[in-house]
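The values are calculated or read from the model by the stated rules, or taken from the named source; none is laboratory data. Quantities reported herein were computed from a predicted structural model and do not represent experimental measurements. Here the Cβ is made from the backbone with ideal geometry for all residues, glycine too, and neighbour counts use every protein chain on show. What goes into the accessible areas is simple: the full protein's heavy atoms, side chains included, and nothing from ligands, DNA or RNA. Shrake-Rupley method; radii C 1.70, N 1.55, O 1.52, S 1.80 Å.
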Amino acid sequence: MAKKNIIKCSFCGRPSDMSEVLVPSAIGETYICAECIDQIHEMLGEYRNETKEATKAKYATDLNCVPKPREINDFLNQYVIGQDTAKKYLSVAVYNHYKRIAQKNDDDVDIEKSNIIIVGRTGTGKTLLAKTIAQLLDVPFTIVDATVLTEAGYVGEDIESLLTRLLQAADYNVEKAERGIVFIDEIDKIARKGDNPSITRDVSGEGVQQGLLKLLEGSVVNVPPQGGRKHPEQKMIPVNTKNILFICGGAFDGIERKIAQRLNTHVVGFTTDASKQRIKQENYLQYIAPQDLKSYGLIPEIIGRLPILTHLNPLDRNALLKVLTEPKNAIVRQYQKLFAMDNVKLTFAQDALELIVDKAIEFKLGARGLRSIVESIMIDAMYDIPTSDITHFEVTRQYALEKLQLANFDISIIK
């Protein structure tokens, strides 16, 4: 009796009865088993990831591929209303950061970092600017909070833990992390408690500022991989901060008084000083200077390592109306998307939007207050409509007013 012809994989020799499936070739009697296909797929994925990483590295070093300052600014305009001065400073600083990365090692001119500090009231867009830039950039980017930091040896987190988040954003690739960008939020919360240097321990103020000096200027620091506090038996990752760009932001509540004192605007009688006559007292932040930060409680050493100082203007009524409706991630658009997922068309009457803006101005919460006000208005509708037959819902001024009253909002501005 003739021996039965057994089909085998042409790559590994596995017979058909030991494989899930044998895939035949279109040319000749050639077969490949499922196991070999899986291995090839895995190898191909690793190859594509390596190619992608190489492309990213080229993007970070090839200036022809880097977005120019105007292009960065145009991208920010899609999400952030106003704040043209801050956008310009950020766009230039980020572009210069790419140029520092692309600089050749044998260059005799060493370009220094242009670390930035942004001052602005709450709800004016400091964190939003940072998050929006993170969408555009092709270098590791992270946002960290300065309020949890304490001086080494005390309860809290060590200063070096700021870089743990950056390492995580870079998948613990130290080389990638060393060309990243860190946004330190709430930098004003580590101001020292008085104008004079502390004679006692200021563990969450001046002590943190002293620890930040080496990070901002550039040095090799040991970073705990999991963050938190360091201990002697923990394995550390050395990270060189020379090419890491630091952007700091803070509300600096009350710094307007420091600026006013410096400008000496409270003068009794008439003045002939033309420079003082030009001062707009409704927005002192536009006149902010490094000496005002020093008066607030930042030490001179840290101010010197944040050479670029810019401010965010308070949002007026027109700007808040635009924040509600115009950006890609506008609050109104977010709620319309939520309702659209339940097949409901949501619209807002113009006078209802104006009411929301008036309440935000009254409570002095900026753009951040808009979300809480809209949430208070929409909570009942979001609760009831998904189980109803409604296909269209309009928020009128009267409806918004009734919901704000139920939410115990002060209605003193309503005529």
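Observations on the structure shown:
- Taking residues in the range 63-79 that are over 23 Å from Gln103 (Cα atoms), and partners anywhere that are part of a loop (DSSP other than H, G, I, E, B), the pairs with Cβ atoms closer than 7 Å and at least 6 places apart or on different chains are Gln78/Pro327; Gln78/Lys328; Tyr79/Pro327; Tyr79/Lys328; Tyr79/Asn329.
- Scanning the range 119-151 for residues that are of a type in the set (Lys, Arg) and out of contact with any Pro (no Cβ under 6 Å at 6 or more places or on another chain) yields Lys126, Lys131.
- Here the condition is being farther than 24 Å from Asp316 by Cα and at pLDDT 85 or above; of Ile118, Ile101, Ile143, it holds for Ile143 alone.
Matching residues to (1) modelled with pLDDT of 85 or more; (2) exposed (fewer than 10 other Cβ atoms within 10 Å of the Cβ); (3) out of contact with any strand residue (DSSP E or B) (no Cβ under 8 Å at 6 or more places or on another chain); (4) outside any helix (DSSP H, G or I):
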| residue | (1), (2), (3), (4) |
| --- | --- |
| Met1 | no, yes, yes, yes |
| Ile6 | no, yes, no, yes |
| Glu20 | no, no, no, yes |
| Ala26 | no, yes, yes, yes |
| Glu29 | no, yes, yes, yes |
| Ile32 | yes, no, no, yes |
| Asp38 | yes, no, yes, no |
| Glu50 | no, no, yes, no |
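- Of the residues making up the range 122-138, those that are surrounded by fewer than 23 Cβ atoms within 10 Å (Cβ to Cβ) and touching a Lys or Arg at 6+ places or on another chain (Cβ under 7 Å) number 2.
- All positions within the range 174-218 that are more than 16 Å from Cys248 (Cβ to Cβ), at pLDDT 85 or above and open to solvent by 60 Å² or more (accessible area, probe 1.4 Å): Glu175
- Helices (runs of 4 or more DSSP H) enclosed by the range 306-394 - at least 3 residues per element that are open to solvent by less than 30 Å² (accessible area, probe 1.4 Å) and in contact (Cβ under 8 Å) with a residue 60 or more places away in the chain: 366-384
- Pairs are defined by a Cβ separation below 6 Å, a sequence spacing of at least 6 or placement on different chains, a first member in the range 282-296 that is over 15 Å from Pro307 (Cβ atoms), and a second member that is in a loop (DSSP other than H, G, I, E, B) and of a type in the set (Gly, Ala, Ser); the pairs so defined are Tyr296/Ala191.
- Tally of residues being outside any loop (DSSP other than H, G, I, E, B), more than 26 Å from Ala102 (Cα to Cα) and not small (Gly, Ala, Ser) across the range 243-257: 3
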